[in-house]
Amino acid sequence: MSEVRVRFPPSPTGYLHIGSARTALYNWLYAKKYGGKLVLRIEDTDAERSTQESIDGILEGMKWLGLDWDEGPYFQTQFDAEHKAAAQKLLDSSDAYKCFCTKELLDTKREAAREAKSEYGYDGTCRNLAEDELAAKVQSGLEYVIRFKTPEDDGTVAFDDEVYGHIEKKHSELEDFVIVRSNGSPLYMLCNVVDDIRDRITHVIRGADGLGNTPRQVLLYKALGAPLPVFAHMPLTLDHQKAKISKRKHGEIVAVHFYRDKGFIPWALCNFLALLGWSPGDDRELFTRDEMIEAFTLKRINRSNSIFNYKKDDPKFFTDPKALSVNAHYIRTMALDELGALVKPFLEKAELWDADYEGGKKEWYFSTLELIRERFHTLNDFAEAGRAYFGEGFEFEERALKKNIVKNPRLREWLPLLAERFEALDEFNPETAEACARALCDELEVKPGVIINGMRTVVTGRLAGPSMFDALMAIGRERVTMRLKEVEKVFALAG
RNA sequence: GGUCCCUUCGUCUAGCCUGGCCUAGGACACCGGCCUCUCACGUCGGCGACACGGGUUCAAAUCCCGUAGGGACCA
């Protein structure tokens with residue numbers, strides 16, 4: 001069996017979006033599974049909309065996701081001559097012909113067909129022009145497009161899609177489609193086939209929006225004398241309105257870089273994306289790379305479109321809740337050294353990073369991450385909700401002030417008192433701190449919850465968090481007592 | 001408009017090919033219990049779907065026909 005070669009051919013007309021990323025992922029998984037090669041080809045023929053930033057963004061996105069490619073990036077524009085040569089070859093073999101019909105003429109005919117309620121397809125006016133007639137038209141400098149000559153018999157074009165099954169289309173239902181525009185530029189339909197032939201692509205794994213064009217492409221493969229690749233079309237990802245997710249309509253929320261900046265773990269995003277339209281056939285949903293490569297098959301790709309479940313302006317979930325949940329799972333289960341490295345850029349950005357976290361304070365750094373990671377959903381949470389552990393200047397949650405502070409004005413006496421007791425402790429560990437705090441509660445005849453929760457808010461700014469006495473250790477006696485003594489400031493904030 | 005494709009809990013899905021194991025399984029989300037210094041984790045439980053209508057069959061989510069809805073491509 002020959003080597004598996006797949007490709008990912010994005011158009012550089014914007015950032016890498018998650019739908020494209022999923023296509024790239026499926027191709028990558030397939031290549032990895034069969035020890036094949038993934039070819040990255042930038043389809044930059046639309047010069048007006050293609051930009052260098054976009055190319056860079058796509059490459060960065062792929063790298064960030066960990067989807068490495070084996071060849072490329074190739075650029076479609078580099079092969080312009082080859083695309084034109086293929087068109088010439090089809091002309092030479094009489095599989096294509098020059099068509100001089102003007103746009104106006106075709107529009108008129110289309111309109112007439114509509115009024116007559118008959119189906120419109122190109123009528124083949126130029127298909128059988130006599131030699132001299134053709135020569136005369138070329139001579140006179142008339143503009144022309146090149147059309148592919150669809151077989152006129154009552155046969156069919158057929159192929160077997162790995163996902164959608166056997167697809168058959170009657171020749172009579174395919175009109176003589178254009179392969180080269182009047183300005184001489186070849187159409188996507190042709191370029192794509194020529195490139196896939198040159199790159200010796202064995203499996204075309206792409207979005208189901210390519211399904212409709214596949215019969216035409218099959219015709220091109222045959223006319224060009226090339227072997228057919230295996231086709232596998234994957235369902236599209238839609239929004240709640242059943243509209244294809246797109247950069248234009250949805251903006252950043254569909255951009256891969258958005259997830260990077262929001263604190264997603266690359267593989268967590270891949271894991272989530274893989275599940276949109278594919279399942280292993282059992283109940284597994286979380287995979288390591290190797291597990292997913294092993295489990296992945298084209299046959300288990302779904303046929304129905306899936307909905308990317310995000311609601312605009314949802315206060316609780318900024319994106320699909322399942323994506324967040326998958327990300328949270330990785331945050332709380334991954335190795336601490338890996339997590340530490342992923343959190344680092346977020347702390348740096350928030351100016352909370354201390355180089356010693358990779359040196360003398362490494363142990364503290366890791367144990368603190370472990371302590372707080374359980375309730376976080378994104379890497380960014382470490383720098384925001386977790387700010388009190390890494391530095392000063394943290395915010396106080398409105399709800400926390402209301403519930404834990406304002407209700408108990410006497411905390412302004414109790415908390416500084418508690419700070420003094422903490423300072424007096426020979427040893428400051430979770431047990432001694434807790435015993436000390438509870439003893440004070442007994443003395444004051446206050447419920448422990450009042451003091452503990454008040455302390456939580458003053459020390460961490462939050463309504464909820466890890467077990468209080470463990471949190472105290474992570475923050476350290478000095479910072480704890482300092483914050484407790486400044487309880488007055490917190491009351492001031494609470495208004 | 002033409003051609004093709006799709007339709008199982010709110011969302012992602014298993015089951016469909018090879019009808020009975022399906023009083024339809026899992027995950028996320030939601031609700032409640034336990035745990036508890038709070039929240040989370042964990043755990044236990046709950047809510048919740050076979051688009052609709054016919055047919056075939058002893059038996060249909062599963063097979064057939066039709067309808068509706070959605071999507072893609074072409075124009």
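Points to keep in mind about this one:
- Backbone N within region A:451-495 under 14 Å of label point (7 Å from residue A:392 Cα along the Cβ vector): A:478-487, A:489-490
- For the pair residue A:420 and residue A:261, a Förster radius of 35 Å applied to the C-beta separation gives a FRET efficiency near 0.20, rounded to the nearest 0.05.
- 222 nm mean residue ellipticity, helices alone, for chain A (DSSP H n ≥ 4; -39,500 (n - 2.57); rounded to 500): -13500 deg cm²/dmol
- Linear extension gain, residue A:189 paired with residue A:477, 0.36 nm per residue minus alpha-carbon span: 96.8 nm
- Projected label points at residue A:362 and residue A:82, each 7 Å from Cα along the beta carbon direction, are separated by 4.9 nanometres.
- Local electrostatic count, residue A:14, Cβ distance below 15 Å [Lys/Arg +1, Asp/Glu -1]: -3
- Dipole magnitude for region A:129-244: about 380 debye, using +1 per Lys or Arg Cβ and -1 per Asp or Glu Cβ, origin at the Cα centre.
- Lacking any other cysteine beta-carbon closer than 4.7 Å, the following Cys residues of chain A have no compatible partner: A:101, A:191, A:270, A:436, A:441.
- Histogrammed with a bin width of 10 Å, the alpha carbon distances of chain A distribute as 3, 15, 20, 18, 14, 10, 8, 6, 4, 1, 0, 0 percent, first bin at zero.
- Extreme residue, positive dipole direction of region A:169-226, given options A:189, A:177, A:220 (C-beta unit charges): A:220
- Using only the C-alpha atoms, the convex hull of region A:344-495 corresponds to 107 Å³ per residue.
- Electrostatic bookkeeping for residue A:205 treats Lys and Arg as +1 and Asp and Glu as -1; over the other residues with beta carbon under 9 Å from its beta carbon, the sum is +1.
- 21 Å Cα-Cα reach of residue A:361 towards lysines, excluding residues that sit fewer than 8 places from it in its own chain: A:344, A:349
- Cross-link pairs A:84/A:244; A:89/A:149; A:37/A:149 - those with Cα-Cα distance over 22 Å: A:84/A:244; A:37/A:149
- Additional length obtainable on full extension of the chain from residue A:53 to residue A:68, 0.36 nm per residue less Cα span: 3.4 nm
- All other residues whose Cβ lies under 12 angstrom from that of residue A:289 are scored, Lys and Arg at +1 and Asp and Glu at -1, for a net of -2.
- Listed by Cβ neighbour count within 10 Å, with the fewest neighbours leading, A:326, A:406 appear as A:406, A:326.
- By the beta-carbon count within 10 Å of each Cβ, the least crowded to most crowded order of A:172, A:54, fewest first, is A:172, A:54.
- Computing FRET efficiency as 1/(1 + (r/R0)^6) for residue A:316 and residue A:139, where r is the C-beta to C-beta distance and R0 is 56 Å, gives about 0.20.
- Extending 7 Å from Cα along the Cβ direction at residue A:241 and again at residue A:438 yields two label points whose distance is 5.8 nm.
- Taken one residue at a time, the phi angles of region A:326-332 give Karplus couplings (6.51, -1.76, 1.60, θ = phi - 60°) of 5, 4, 4, 4, 5, 4, 8 Hz. Gly and Pro are set to x.
- Loop-located trypsin sites (Lys or Arg not before Pro) in region A:1-74 whose Cβ has at most 14 other Cβ within 10 Å (DSSP): A:49
- Among A:481, A:418, A:465 the positive-end extreme of the charge dipole of region A:358-495 (Cβ point charges): A:465
- Overall form of region A:130-207 per C-alpha gyration tensor (a/c, 1.5; a/b vs b/c): oblate
- Percent of beta bridges antiparallel (DSSP, chain A, rounded to nearest 5): 50 percent
- Label point distance in nm, residue A:93-residue A:334, each placed 7 Å from Cα along Cα→Cβ: 5.0 nm
- Going from the residue with the fewest nearby Cβ atoms within 10 Å to the one with the most, A:292, A:234, A:473 rank A:473, A:292, A:234.
- Two-site FRET efficiency, residue A:75 against residue A:467, from Cβ-Cβ distance with R₀ of 51 Å, rounded to 0.05: 0.35
- Under Karplus coefficients 6.51, -1.76 and 1.60, residue-wise ³J(HN,Hα) of region A:58-71 in Hz, glycine/proline x: 5, 4, 4, x, 4, 5, 4, 5, x, 8, 7, 10, 9, 9
- Gained length - residue A:166 relative to residue A:402, 0.36 nm times residue gap less alpha-carbon distance: 78.6 nm
- Legend: Rg and Dmax of region A:201-340, from Cα coordinates, 17.8, 57 Å.
Bear in mind these aren't lab numbers, they're just calculated from the coordinates by the rules spelled out. All values reported here derive from a predicted model rather than from experimental measurement. Note that we place each Cβ from the backbone using ideal geometry, even for glycine, and neighbour counts take in every protein chain shown.
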